[in-house]
Amino acid sequence: MIKTATRSTAIIFLLLGFLGYSQNKKNFSGIPNILQQIIPNDRIDSWVLVYNNYGKNQEIKTSGGKTDYIPQFSGFNLFPEEDSFYYIAYNAGGKTNYITDLEGLKKFAGKIDNAEEAAIILTADGYMVDEEFKDVAGNYYEDPGHYYLDMGKLTSKECPYQKTHYTLTVNKSSGTVSNVKDNGTYIELYNKKCANNPRLLKIQKKEEPKDEPKKSTKRK
């Protein structure tokens, strides 16, 4: 009887600890910090992460010593509609290579080593860490086998411009996405050119000219 009670207590504490561990949500700390967590799995002699903003290059991270590279004029973004961009230059086998798109970035990161790499790999499928809405589209929690990432996605470029947030379950060992939960739309934006902009329709309705009352033609 005592052994059974002890075993039950141990199981309860184990479950409570597991649930507490898995539900401890953390916000991603910004795009530059996410990119700095990349751990390449291929043999790389050295690499540098460069941020280009209005034509000025800034080295965000260097690894493995100095990397000689040619400044690039295009690159990748983890957030849509950005004017600036990032790129990676790396040396492998005596040759300099460049990462300038999301597919290349996904291959460079390789096997998922942390939650940040999981988020990076998902951006190749259109998901994003939305820094303006981290509570719904820029955080994660984990358990021993999986990462659970809350990320956004641009689901309409028409009117209204729309973003939807999802919870994605990513297996730590295989990197596969086993579940995608649609949490619904979290932002809708109308611009001035939207034909169905409700604010614009209200303004147009107010500006419609009213019919003037007809003058009487009766003689006194």
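The values are calculated or read from the model by the stated rules, or taken from the named source; none is laboratory data. It should be emphasised that the depicted structure is a prediction, and the values quoted were computed from it without experimental measurement. As a convention, Cβ positions derive from the backbone with ideal geometry for all residues, glycine included, and neighbour counts pool all protein chains shown. Side chains are part of the model used for accessible areas, which takes the heavy atoms of the whole protein and leaves out ligands, DNA and RNA. Shrake-Rupley method; radii C 1.70, N 1.55, O 1.52, S 1.80 Å.
Let's see how each residue does on (1) on the phi > 0 side of the Ramachandran plot; (2) without any contact (Cβ under 8 Å) to a residue 24 or more places away in the chain; (3) among the acidic types (D, E); (4) in contact with an Asp or Glu (Cβ under 9 Å, 6 or more places away or on another chain):
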{"position": "Q72", "(1), (2), (3), (4)": "no, no, no, no"}
{"position": "F79", "(1), (2), (3), (4)": "no, no, no, yes"}
{"position": "S84", "(1), (2), (3), (4)": "no, no, no, no"}
{"position": "K95", "(1), (2), (3), (4)": "no, yes, no, no"}
{"position": "K107", "(1), (2), (3), (4)": "no, yes, no, yes"}
{"position": "K111", "(1), (2), (3), (4)": "no, no, no, yes"}
{"position": "N114", "(1), (2), (3), (4)": "no, no, no, no"}
{"position": "I120", "(1), (2), (3), (4)": "no, no, no, no"}
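Considered as a group, the residues in the range 36-82 that are part of a loop (DSSP other than H, G, I, E, B) and charged (D, E, K, R) include one that is modelled with the lowest pLDDT, and that residue is E81. The helices (runs of 4 or more DSSP H) found entirely in the range 83-200 that carry 3 or more residues being open to solvent by 40 Å² or more (accessible area, probe 1.4 Å) and under 18 Å from L49 (Cβ atoms) are 102-109.
Quick check on L35: is it buried (at least 17 other Cβ atoms within 10 Å of the Cβ), within 24 Å of the chain's Cα centre (by Cα), assigned by the TED database to the domain that holds G104 and of a type outside the set (D, E)? Criteria not met by L35.
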